[in-house]
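A.B. asks: One structure is given below, represented as structure tokens, and several questions about it will come after.
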Amino acid sequence: MNYSNFYNLIGLNQEINRLQRQVSLGWEKEFRTLKWLGLNDGMNILDLGAGPGFFSEHLLENLPNCKVTLLEPDADLMNFAKDNLSKYEGRVKFKEESVYNNTLQEEKYDFVVSRFVFQHLEDPIAASKEIYRVLKYGGIVSVIDSDRGIWGISEPDILKNERNILGRLEKKTRWNREVGRKLLKILKLGGFNGLDFEAVAIHSDIVGVNSIAGEMNITNEDIKNLSRINPKLAQLLKQSKDMISSKNTIVILINLIAKGVKG
Ligand SMILES: C[S@@+](CC[C@H](N)C(=O)[O-])C[C@H]1O[C@@H](n2cnc3c(N)ncnc32)[C@H](O)[C@@H]1O
């Protein structure tokens, strides 16, 4: 299952925008948590499943003496990252590979970060073992992901009656929305010790609903047209649009961060 099967549902550009928004939302709190968990300037870092590279970009910008390798199997996302990060030449490397068939050198990295990747992996334990292999002794892994049981809060809860839409999507894409709760077991089975677990909260009263949901460039005319083809989806889009424009809306997102140490 390629990641493009997942993002083709919305299109490459929309996905790049979505990932950029998601990185910006979490960056400040995730960065301070990663530093708390052992991330330091000067480290050799692997961004596993780096996508279009926005998280790597923040790392390169904020840790001026670090080096970052981006591992990403999707050619389109990788090409975007290469263009976007060209000014960091000398500090950045690109590997267009899957974690399962990678050519990364053993015991090479001080820190591995993997954000919102494990929910898409068919064999997360194999990935955990690979991370263990490429980390130096004493190196740290930090896996960031979410879980449907603790993903957050939305008021109004527009998805309350639409859980089947997410369920169908999960089946179609083999998307694992319960991975957050399992991260520490996955790291343990990969060989890691020194386990730790943190959470980062993002609140719409601070960042704005638009920053979380994105601008919805959908007109009432679009919704009217869609309602002839798919009335349920049209209703959901209308609710989302109303939700984004209402000042009473509350959305809280929880990003989970699991840490492991080699050794
Ligand atoms: C939701 S995106 C997250 C991208 C990036 N980490 C971020 O935070 O913006 C998930 C990424 O995991 C990558 N991925 C999926 N399967 C992978 C695998 N087997 N090995 C490495 N990366 C993988 C996808 O190609 C995609 O870029």
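The values are calculated or read from the model by the stated rules, or taken from the named source; none is laboratory data. Source: prediction; values computed, not measured. Backbone-built Cβ (ideal geometry, glycine too); neighbour counts: all protein chains shown. Just so you know, the surface numbers come from the protein's heavy atoms only, side chains and all, with ligands and any DNA or RNA stripped out. Shrake-Rupley method; radii C 1.70, N 1.55, O 1.52, S 1.80 Å.
A.B. asks: Which entries of Lys185/Lys241; Lys35/Lys241; Lys35/Lys182; Lys67/Lys185; Lys171/Lys262; Lys82/Lys129 have Cα-Cα distances beyond 32 Å here?
C.D. replies: Correct reply: Lys185/Lys241; Lys35/Lys241; Lys171/Lys262.
A.B. asks: Order Lys95, Lys259, Lys185, Lys35 by their accessible area, 1.4 angstrom probe, all chains in place, largest first.
C.D. replies: Numbers: Lys95 65, Lys259 35, Lys185 150, Lys35 100 Å².
Listed by decreasing accessible area, they come as Lys185, Lys35, Lys95, Lys259.
A.B. asks: Using heavy-atom solvent-accessible surface (probe 1.4 Å) with all chains present, what is the largest-first order of Lys136, Lys67, Lys171?
C.D. replies: Order by accessible area, largest first: Lys171, Lys67, Lys136.
A.B. asks: Quick one: ranking Glu28, Glu198 by accessible area, 1.4 Å probe, largest first, what do you get?
C.D. replies: Details: Glu28 140, Glu198 55 Å².
Sorted descending by solvent-accessible area, the residues read Glu28, Glu198.
A.B. asks: Looking at the calculated P(r) for the chain, what percent of the C-alpha pair distances fall above 30 Å?
C.D. replies: 29
A.B. asks: Now for a separate question. How about Lys247: which aspartates and glutamates have a C-alpha closer than 14 Å to its C-alpha, ignoring those fewer than 8 places off in the same chain?
C.D. replies: Answer for Lys247, where 14 Å is the Cα cut-off: Glu155, Asp205, listed by chain and number.
A.B. asks: Give me the distance in nm between label points sitting 7 Å out from Cα along the Cα-to-Cβ direction at Thr219 and Leu189, one decimal.
C.D. replies: Placing both labels 7 Å along Cα→Cβ, they lie 5.1 nm apart.
A.B. asks: In the neighborhood of Gln22, defined by Cβ-to-Cβ distances under 11 Å, what is the net charge if each Lys or Arg adds +1 and each Asp or Glu adds -1?
C.D. replies: +1
A.B. asks: Moving on. Rounded to the nearest 0.05, what FRET efficiency is calculated for Asn40 and His203 with R0 set to 30 Å and r the Cβ-Cβ distance?
C.D. replies: Details: r = 29 Å, r/R0 = 0.95.
After rounding, the FRET efficiency stands at 0.55.
A.B. asks: Report, to the nearest whole %, how much of the accessible area of the range 183-263 belongs to carbon and sulfur atoms, 1.4 Å probe, protein only.
C.D. replies: 55
A.B. asks: For the range 191-255, taking Cα atoms only, what is the radius of gyration to one decimal and the Dmax to the nearest whole Å?
C.D. replies: When restricted to the Cα atoms of the range 191-255, Rg and Dmax are 17.4, 56 Å.
A.B. asks: Report the GluC sites (Glu not before Pro) located in the range 78-127 that are in a DSSP loop and have at most 14 other Cβ atoms inside 10 Å of their Cβ, or state none.
C.D. replies: When the GluC sites (Glu not before Pro) of the range 78-127 are filtered for loop state and at most 14 Cβ neighbours within 10 Å, Glu97, Glu106, Glu107, Glu122 remain.
A.B. asks: Then there is this: Over the range 133-263, what is the relative contact order in percent, taking alpha-carbon pairs closer than 8 angstrom and at least six residues apart? Write out the running numbers ahead of the final one.
C.D. replies: Values: 162 pairs, mean separation 67.7, N = 131.
Once normalised by length, the contact order is 52 percent.
A.B. asks: Using a 1.4 Å probe over the heavy atoms of the protein chains, calculate the carbon and sulfur portion of the accessible area of the range 19-123 as a whole percent.
C.D. replies: 42
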